[in-house]
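Reviewing the structure listed below.
The values are calculated or read from the model by the stated rules, or taken from the named source; none is laboratory data. Computed from a predicted structure; not experimentally measured. Here the Cβ is made from the backbone with ideal geometry for all residues, glycine too, and neighbour counts use every protein chain on show. Protein only, heavy atoms only, side chains kept; ligands, DNA and RNA dropped before computing areas. Shrake-Rupley method; radii C 1.70, N 1.55, O 1.52, S 1.80 Å.
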Amino acid sequence: MIWNPNKECMSRDEMSALQGRRLHKIVAYVYHNVPFYRNKLQEMDVTPDDINTIEDIRKLPFTTKQDLRDNYPFGLQAAPQSEIIRIHASSGTTGNPTIVGYTRKDIGVWSECMSRCLTAYGVTRDDTFSVAYGYGLFTGGLGAHYGVENLGASVVPTSTGNTEKHVRLIRDLGISGIACTPSYALYLAETMEKMGITKEQIKLRVGAFGAEPWTESMREEIQKRLGLKGYNLYGLSEIMGPCVSYECSEQNGSHICEDHFYPEIIHPDTLEPLPYGQVGELVFTTLTKEGMPLLRYRTKDLCSLMDDTCPCGRTSVRMGRIMGRSDDMLIIRGINVFPSQVESVVLSMPEFAPRYLLIIDRINNLDTLQVQVEVRQEYFTQEMDNLGAIERLEKKLADKLKSVLSISAKVQLKPPGTIERSQGKSKFVIDKRVLK
Ligand code: ADP
Ligand code: ZN
């Protein structure tokens, strides 16, 4: 099933023409309503009349998170306050949070796009669907909630917290779909196992996972333990919230709601657009947003775009998995390291639970990397009896990490359940160098 075949299956030519028309309109709209953009465009000597096709997007300025912070709280808002019906804030950890206002039409577009995602995952009106993203300023909870309602499935607004109660609801209400962070899905699986509830006793079959990077091995782990099929869901509050892109049954990249969010990949240093297939920084232009439209917003997320045809029938451009954020790429002893590389090594070894923490420090002017990993319960008890086994396992992991990362890491194994669990976005890195 496809929620909106008119838009999701448009020919590429029709889509480009639609995007061109919408781009012209949105540029004219911000030119007249947002002094920040009018000034930028005037500086570059660009007027809305110069923007007629989607290729003209290259004439437009970029927008950064810093621009949003500098214009806190409402500086980039284009619609009058009386038209704004909802305000969210991005979960930014440093400086001012980013405030995003939505008009009634924006909330409608968001719900529509979220319904496209859910339909691609196979969710229907017959499903009972738990939204276990946090409700509140974070866009995850309410964003997914409105999409489920718009689709017509029964929404259970569980939010995060009180996980045992959630597990009982999943069992008792026959909940068949869930939206949450991949790390919360694992926490849920763990809680369920502790409560002695097996996956055969529940009816979960679909999971919409996102809001943080995750890997194929994490997908397998979640699917195995919860007995469902897990799909990627991507979004960011500056552009809308969850709904910007979604996996279809092919699970080969995520279809972008391109009629509303135009994607580009740029080289993060030269800012030059990169061709399909190359990894770079993902940039979005909102083509229809009224509350806070953004031109060429630099997401900092690193991925590639694909435009080959997808067997599911949708024609939209797809994005690959997020490989990290350009700002969470770690440089350790001069080498680029992504936490996701460590994760894939950890998850490729059956001895370890998908719980790890990277601790980076600088001692005597030299960067050090420590990797803490939790041993699975079944291996932990066995190995403890067997003297030297812990050291052997540490060395095995250290060797694998060295071959993947090209730098050596000190490995420290931790007993099961001792690395802190998170209910929202997980923290996998502690960089003591920036704390000093
Ligand atoms: P922030 O975390 O920047 O304060 P948001 O709460 O809006 O703001 O989170 C958006 C970010 O979350 C994205 O830019 C991306 O880095 C991450 N994200 C969201 N969905 C996914 C996903 N499916 N895979 C990887 N990363 C994701
Ligand atoms: Zn597809």
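Whenever you get a sec, compute what percent of the accessible area on region 330-434 sits on carbon and sulfur atoms (1.4 Å probe). If you can, show how the numbers build up before the last one.
Details: 2900 of 5510 Å².
Carbon and sulfur atoms account for 53 percent of the accessible area of region 330-434.
Hey, any idea what % of region 156-201's accessible area is carbon plus sulfur with a 1.4 Å probe? Intermediate results must be reported in sequence, preceding the final value.
Values: 900 of 1900 Å².
That fraction is 47 percent.
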statement: When the charge dipole of region 1-326 is computed with +1 on Lys and Arg Cβ and -1 on Asp and Glu Cβ about the Cα centre, the Cα farthest towards its positive end, among ALA132, LEU118, GLY174, belongs to GLY174
- prompt: Tell me, what is the per residue accessible area of the chain in Å², probe radius 1.4 Å?
  reply: 43
- line: Counting Lys and Arg as +1 and Asp and Glu as -1 over every other residue whose Cβ sits under 15 Å from the Cβ of ILE170, the net charge comes to +2
field: At least 27 Å along the helix axis (C-alpha) and Kyte average at least -1.0, DSSP helices within the chain
entry: 12-33
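Packing-wise, with mean Cβ within 10 Å as the measure, how do 236-245, 270-279 rank, highest first?
On the way: 236-245: 25.9, 270-279: 12.2.
Going by the mean number of other Cβ atoms within 10 Å, highest first, we get 236-245, 270-279.
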- prompt: What percent do you get for the relative contact order of the chain when only Cα pairs under 8 Å and 6+ apart count?
  reply: 13
- request: Give me the percent of DSSP beta bridges within the chain that run antiparallel, rounded to the nearest 5.
  value: 65
statement: Note on region 330-434: contact order normalised by length, alpha-carbon pairs under 8 Å, 6 or more apart, percent, works out to 34
task: For a label point 7 Å from the Cα of LEU18 along Cα→C-beta, name the residues of region 37-63 whose backbone N is under 12 Å from it.
output: none
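By the scheme Lys and Arg +1, Asp and Glu -1, what is the net charge of all other residues having a beta-carbon under 12 Å from that of THR160?
+3
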- prompt: log10 I(q)/I(0), Debye, Cα-only the chain, no solvent, q = 0.08 Å⁻¹?
  reply: -0.48
- request: Report the FRET efficiency, 1/(1 + (r/R0)^6), for ASP56 and LEU387, where r is their Cβ-Cβ distance and R0 is 60 Å, rounded to 0.05.
  value: 0.30
